[in-house]
Amino acid sequence: LRSEMLPRSLLFACLLAGASAFVPTGVAPVRVLVPAAGAPSLASSPAMSSVMKKAKAAKRKGKSSSAVAKRFKVTATGKLLRHSAFKSHILTKKHPLRKQKLRRTLQADESQLKTMQKLMLVVPKKK
């Protein structure tokens with residue numbers, strides 16, 4: 001479809017009229033593509049309502065945050081385990097006992113637990 005040869009208004013008028021070819025005076029013939037009879041047209045589709053959007057979103061598979069998934073490990077009860085910070089560089093001035101404590105795996109704090117569980121799509125077990 002070479003629409004640069006026709007003005008848009010004329011091109012749309014041809015589409016609405018159902019013409020498969022239209023030859024105006026002084027312009028080379030241009031073939032206008034018309035959708036098939038059974039093909040759905042974009043103009044006739046109804047606007048998606050908020051209820052339909054919510055239903056579509058509920059069907060969609062959830063994605064966990066890859067950043068959180070790399071940093072936390074989920075326990076059987078739904079708690080999250082994390083590594084200590086301050087253990088990657090500038091270790092010469094840190095005391096060996098301090099570095100030993102930093103090697104431990106800790107639980108994520110309660111204040112951040114719900115947020116991180118949502119990001120990882122983790123459902124905690126009921127107590």
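The values are calculated or read from the model by the stated rules, or taken from the named source; none is laboratory data. Nothing here was measured: the structure is a model prediction, and the numbers come from that model. Positions of Cβ are backbone-derived with ideal geometry, glycine not excepted, and every protein chain shown enters the neighbour counts. With ligands, DNA and RNA removed, areas are computed over all heavy atoms of the protein, side chains included. Shrake-Rupley method; radii C 1.70, N 1.55, O 1.52, S 1.80 Å.
For segment 88-127, give me each residue that is of a type in the set (A, V, I, L, M, F, W, C) and either surrounded by 12 or more Cβ atoms within 10 Å (Cβ to Cβ) or free of Cβ contacts under 8 Å to residues at least 40 places away in the same chain (or both).
To start, the set of residues in segment 88-127 that are of a type in the set (A, V, I, L, M, F, W, C) comprises 90-91, 97, 102, 106, 108, 113, 116, 119-123.
Once the filter is applied, which keeps residues that are of a type in the set (A, V, I, L, M, F, W, C) and either surrounded by 12 or more Cβ atoms within 10 Å (Cβ to Cβ) or free of Cβ contacts under 8 Å to residues at least 40 places away in the same chain (or both), segment 88-127 yields 90, 91, 97, 102, 106, 108, 113, 116, 119, 120, 121, 122.
Within segment 46-87, can you find the residues that are among the hydroxyl-bearing types (Ser, Thr, Tyr) and either open to solvent by 100 Å² or more (accessible area, probe 1.4 Å) or touching a residue at least 40 places away in the same chain (Cβ under 8 Å) (or both)? Break it down stepwise before answering.
Residues of segment 46-87 that are among the hydroxyl-bearing types (Ser, Thr, Tyr), as a first pass: 49-50, 64-66, 75, 77, 84.
Across segment 46-87, the qualifying residues are 64, 65, 77.
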